[in-house]
Structures are given as structure tokens and as C-alpha cells.
């Protein structure tokens, strides 16, 4: 596989890093695997790369139904036009933060969950405060099933962060 290179810390570098093969959301049909990416001009005559519809560790989900083993959760419907920012403001279960769970355990037995290091590199280089990487919570049909064992309930109004950093 050939990976393109861009100026480290630039927004184009950040974008290419986030969609490259073996990242969380483009691991199926990546640009490096021959699929098209029109932003960087790679493989423009091929089928566009695919985005996997899945969330990452630590995000809020809104339960709208259940089975004995799964929650049915609300998401943005890829079959409909995208909503405006105003329409999803105040609905954090529809706009998630990309997180990365390490194999490092914290003293309380939980695992370190942090933002993508690429976002931190760009923020540091540009002099911006540390930030996360927003990703839409999407599916075909506006909902999906997630195993109940893979979730942890939180109370309405509870203090929340998708991150569980070492600090």
C-alpha cells in the first residue's frame, strides 16, 4: 500500500491521517486499497472509499428500543438529507467524539480512552486548545443495535466525558 504524505500538522495531513487504511472508520474500503478520495485527488476514477457506521468508546447513545441482549439506539439516517447543526445541537447522541481505547489500565481498572493523537498534533502546531474529533453517529434507517454488555448506563444530567485519560 502507498500512503500519501502531507505537511505534518496541516489540515490536509489531519484529514489523510483520519481516513487512511486501518483507522477506525475507513478500515473496510480505504483509499490506500484503491478506493477514491476526491479531497486529496487519489484514485478519482474508482468507487469512493467507505465509511464504517460505528461509534467509538465513551459516547452517549439514546436508547429507543431493546431486545434481551441489545439496545436499539437512535442515529442520523444516511438515507435522508443531512441535518443542520442547529437540528443536532443539544442532541449529543447524534454527534460523537472519535476516541481511541488503549490497552493501558488505570488504577481503578478502567482503560485509558483518549482523543485521536492527530487532532492533538494539529491543535498544538496551530496554537489551538486541545480538541477532539467530531464524528456523526450514523446508520441506514436512523437506528442500530448495540450489545447491552458493551454499554454503561448514565443518569440524565450526569457529568460526562467520552475520554478517560491518564491525567
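Some points to look at:
- Helix-derived mean residue ellipticity, 222 nm - over the chain, DSSP H n ≥ 4, -39500 (n - 2.57), to 500: -3500 deg cm²/dmol
- Expressed as a fraction of 2.2 N^0.38 Å, the C-alpha radius of gyration for the range 56-143 is 1.31.
- Added length on full extension, which subtracts the Cα-Cα distance from 0.36 nm per residue, residue 46 to residue 126: 25.4 nm
- One decimal place: the segment residue 158-residue 66 gains 30.9 nm when fully extended, by the rule 0.36 nm per residue minus the C-alpha distance.
- Cβ-derived FRET efficiency at R0 25 Å, residue 148 paired with residue 21, nearest 0.05: 0.20
- For the range 1-52, the calculated P(r), taken from all Cα-Cα distances in 10 Å bins from zero up to the bin holding the longest distance, is 29, 59, 12 percent.
- Calculated FRET efficiency for the pair residue 88/residue 110, C-beta based, R₀ 35 Å, to 0.05: 0.75
- Relative packing of 66-72, 141-147, which averages over residues the other C-beta atoms within 10 Å, highest first: 141-147, 66-72
- Translational D in µm²/s for the chain (Stokes-Einstein at 25 °C, 0.890 mPa s, Kirkwood Rh from C-alpha pairs): 138
Bear in mind that the values in this text are calculations on the coordinates, not laboratory data. Just so we're clear, the structure is a prediction, and the values are computed from it rather than from any experiment. Heads up, the Cβs are rebuilt from the backbone with ideal geometry, glycines too, and the neighbour counts pull from every protein chain shown.
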